[in-house]
Amino acid sequence: LMAQAESGRLEIDLAPMELDTLLLDVFQQAKILSGGKKTLRIDEIDQVVVMGDRDRLRQVLLNLISNAVKFTDADGKIILRLWIEKDEVRLSVEDNGQGIHPDEVQHIFERFYRVEPARDRRSGGSGLGLAIARSLVEAQSGTIRAESEAGVGTRITFELPTPG
Ligand code: ADP
């Protein structure tokens, strides 16, 4: 997928779709995947239609939520929000996990980048999840950004233009 994105061959099927319905769907799926061990909550959910690719957006959401689950402890709390602001649709995934050091947060969307302690984890990952998420969001004319504080938590937000 990453190679396709880099060579501009990433296939995206844009169509008007209800992002709130997708969020609810992924929310249910994520609750099952996390085995009920973490608190997963939706704090805000506006009804929004975007020009998007449902399967690709599902993939982005699952990636962000699974990172939030992976990088929180047993008291992990993951809060999802979907709202419209300044003619843009915003969706955020916030967690109260280990957070990311300020020097590292700017790199997390790079290919193969993993913050040091994460590299030792048996649960390990590829360091590609967020790079792919960024490619998918940008291919839908969106942007994605991270805010994080070590020891406090992380919030990843992506924005998509409204179809209007
Ligand atoms: P992976 O999860 O496979 O390691 P990603 O590209 O999804 O790769 O994430 C890159 C790195 O960013 C992770 O290894 C981790 O260090 C950091 N990271 C991503 N999401 C979070 C999060 N919610 N909390 C803390 N660190 C995170």
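The values are calculated or read from the model by the stated rules, or taken from the named source; none is laboratory data. On a predicted model such as this, the values are computed, not experimentally measured, just so you know. Positions of Cβ are backbone-derived with ideal geometry, glycine not excepted, and every protein chain shown enters the neighbour counts. Surface accessibility is based on the protein's heavy atoms, side chains included, excluding ligands, DNA and RNA. Shrake-Rupley method; radii C 1.70, N 1.55, O 1.52, S 1.80 Å.
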Can you tally the net charge around Val26? Count Lys and Arg as +1, Asp and Glu as -1, for every other residue whose Cβ sits under 12 Å from the Cβ of Val26.
0
Separation between the Glu18 and Asp46 pseudo-spin-labels, each 7 Å from Cα along Cα→Cβ, expressed in nm?
1.7
Within 10 Å of each candidate Cβ there may be at most 15 other Cβ atoms; applying that plus a DSSP loop requirement, which trypsin sites (Lys or Arg not before Pro) in segment 41-102 survive?
Lys86
Enumerate by residue number the GluC sites (Glu not before Pro) in segment 8-93 meeting two conditions: DSSP loop (anything except H, G, I, E, B), and at most 10 other Cβ atoms within 10 Å of the site's Cβ.
Glu11
Approximate shape of the chain as ellipsoid semi-axes (Cα gyration tensor, √5λ), whole Å, largest first
24, 19, 14
Please give me the summed charge of the neighbours of Asp13: other residues whose Cβ is under 13 Å from its Cβ, Lys and Arg +1, Asp and Glu -1.
0
Quick one: among Ala146, Ala30, Ala15, which has the greatest mean-square fluctuation in a GNM of the chain with alpha-carbon springs under 10 angstrom?
Ala15
Note to self: with every protein chain in place and a 1.4 Å probe, segment 38-77 gives an accessible area per residue in Å² of 49
Highest GNM mean-square fluctuation, the chain, Cα pairs closer than 10 Å: which of Gly52, Gly35, Gly129?
Gly35
Applying 1/(1 + (r/R0)^6) with R0 = 25 Å to the Cβ-Cβ distance of Asp87 and Leu62, what FRET efficiency is obtained, to the nearest 0.05?
0.40
Of Ser7, Leu64, Ser126, which is farthest towards the positive pole of the chain's charge dipole, taken about the Cα centre with +1 and -1 on the beta-carbons of Lys, Arg and Asp, Glu respectively?
Ser126
Can you tell me the FRET efficiency between Lys37 and Tyr113 if r is taken as the Cβ-Cβ distance and R0 is 25 Å, rounded to the nearest 0.05?
0.40
Length-normalised contact order of segment 63-164, Cα under 8 Å, at least 6 apart, in percent, tallies to 32
